[in-house]
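Take a look at the structure set out below.
All of the numbers you see were taken from the coordinates with simple rules; none came from a lab. Just so we're clear, the structure is a prediction, and the values are computed from it rather than from any experiment. Here Cβ is always computed from backbone atoms with ideal geometry, including for glycine, and neighbour counts include all displayed protein chains.
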Amino acid sequence: MRGAITLVIGFVLLSVFAVDNKAYGAFDAYGNYYCNPSNIELEKIIYRSAVNTLNDAVQSYLGLDPSPTTQKLHNYIVQSTSGSVEPTFNIMHKAKSCLESNGVDPASVAEPNSFIIKFAYAPEFGFVPGMVIIIGLIGSLVIQKKWT
């Protein structure tokens, strides 16, 4: 009888955990960050932690490679993770937006390294510039052929 009661209680607790996927603070059971406006102090801690983690990671990276290319540094900042499924930069960006939307100035909580501000927010165009150049060249050749 005791074993059956223990089994039922265990099953109920496991079911409750499986249904409620918000496991820790502002992270769901899958490790993804979400804004929790009811706990702004936790949001401040998450933002400060993400900023400090990225600041330390960039300084460490620059210690290993003092003159990285812009693209290498951008990729490192945007893709690095620190104990979570989601990249730390995404967590920092989302926590910053969460703080701003709740009337908190993120600069009063933590300041990202100037490298993070300069290189992480650089746009990624991929193959678009090359395509624009090729289309421009083809267009100018077509126009030149029509006018001559």
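Worth pointing out:
- Scoring 87-95, 103-111, 48-56 by mean Cβ neighbours within 10 Å over their residues and listing the highest first yields 87-95, 48-56, 103-111.
- Placed amide H near C35: partners under 5 Å, 5+ positions off or other chain: none
- Sequence-distant contacts, meaning Cα pairs under 8 Å at least 6 residues apart, place the relative contact order of the stretch 23-137 at 32 percent.
- Each of L64, L73, L137 was scored by other Cβ atoms within 10 Å of its Cβ. Listed from fewest to most, they are L64, L137, L73.
- 3J(HN,Hα) couplings calculated from phi for the stretch 75-82 with the Karplus curve 6.51 cos²θ - 1.76 cosθ + 1.60 (θ = phi - 60°) are, in sequence order, 4, 4, 5, 6, 9, 5, 10, 9 Hz; Gly and Pro show x.
- Placing a pseudo-label 7 Å from each Cα along the Cα-to-Cβ vector at I143 and Q59 gives an inter-label distance of 5.2 nm.
- Under 5 Å from the amide H of S84 lies no amide H of any residue 5 or more positions distant or on a separate chain, with H modelled from the backbone and absent for Pro and chain starts.
- Here the stretch 23-137 is assigned +1 on the Cβ of each Lys and Arg and -1 on the Cβ of each Asp and Glu. Its dipole about the Cα centre then comes out at about 180 debye.
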